[in-house]
Every structure is written in structure tokens, then in C-alpha cells.
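Encoded as C-alpha cells, the structure appears first; notes follow it.
The values are calculated or read from the model by the stated rules, or taken from the named source; none is laboratory data. As the structure is a computational prediction, the values presented were derived from the model and not from experiment. FYI the Cβ positions are ideal-geometry reconstructions off the backbone, even for glycines, and counts take in every protein chain you see. With ligands, DNA and RNA removed, areas are computed over all heavy atoms of the protein, side chains included. Shrake-Rupley method; radii C 1.70, N 1.55, O 1.52, S 1.80 Å.
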Amino acid sequence: QVQLVESGGGLVQAGGSLRLSCAASGHTASQYVMSWFRQAPGKERDFVAGINWSGLTDYTDSVKGRFTISRDSAKDTVYLQMNSLKLEDTAVYYCARKPGSLILSRSGPYDYWGQGTQVTVSS
């Protein structure tokens, strides 16, 4: 059973930085994608960034140049470094995993999800 545990959320002022972590356990797939999604109150869950098993990355346009996704394969952990945070980045951030190599922005193909971590950006 795959388990994903996020950490690193919190309260930060606009312009500040946070680094989220997603520790994975129990998965044995050799090809997979790990992605971050976020959900603001009253809104749908949206794709933020993804990284596949070979290191290929993708980002939603609104975070390009500000967020960086990376992974430490030895620790089975994926990170999301968030810089220049804006008020509109406030949301619950979820880590998710899907099999294969394609980084998809739709949430449906992701079969495992973490519990989420709150990120609040204040003015």
C-alpha cells in the first residue's frame, strides 16, 4: 500500500518562501509520476507541478519561475520549493502519484494521494 505524507506547509508573508515535502513509502513501481496539486476554498483541485521517474518536470503557468519541483530518490521524497509566494497561492497542497511517465494535469489518473498540507500566504 502506497502512502504519501506531506509536510512543510504554514503561514508566510507574500514574497516569502516555503518548501513542501512529500515522503512516499510502499510503492514499487519503476516508472511513476509524482505531482503536487492545490485546492483553495470553494475551488477545484488544480495541478501545480509534476516530476516523473526520469526527472522530467512540468508546471502550471502561474507558478513557472517561482516554484521548483525536485526529488530525492534515495529518500523517496519529492519537494516543492515555493518562492515569491503570492496571496493567490493560498491553498491546501496535495502530493499525488500515478503510474507511467506522462505528467498529467488531470487528477483522475493519480491513484494515491497524501492528506494535504495548508499553505497560507498573508499580505
From phi via Karplus (6.51, -1.76, 1.60), per-residue ³J(HN,Hα) for the range 59-73 in Hz, x at Gly/Pro:
9, 6, 4, 5, 10, 4, x, 10, 10, 9, 9, 8, 9, 10, 5
Between Trp53 and Ala29, what is the label-to-label distance in nm when each label sits 7 Å out along the Cα-to-Cβ direction?
0.9
Total formal charge among the other residues, if their Cβ is under 15 angstrom from that of Leu85, Lys/Arg +1 and Asp/Glu -1
+3
On a full-extension model of 0.36 nm per residue, what is the gain between Leu11 and Ser73, subtracting their alpha-carbon distance, rounded to one decimal in nm?
19.5 nm
How far apart, in nm, are the 7 Å Cα→Cβ label points at Gln81 and Lys64?
1.9
Could you give the length gained by full extension between Ser105 and Gln3, i.e. 0.36 nm per residue of separation minus their alpha carbon distance, to one decimal place?
34.7 nm
Tell me, what is the per residue accessible area of the chain in Å², probe radius 1.4 Å?
51
Candidate cut points under trypsin sites (Lys or Arg not before Pro) in the range 31-75, DSSP loop plus at most 15 other Cβ atoms within 10 Å of their own Cβ, are Lys43, Lys64, Arg66, Lys75
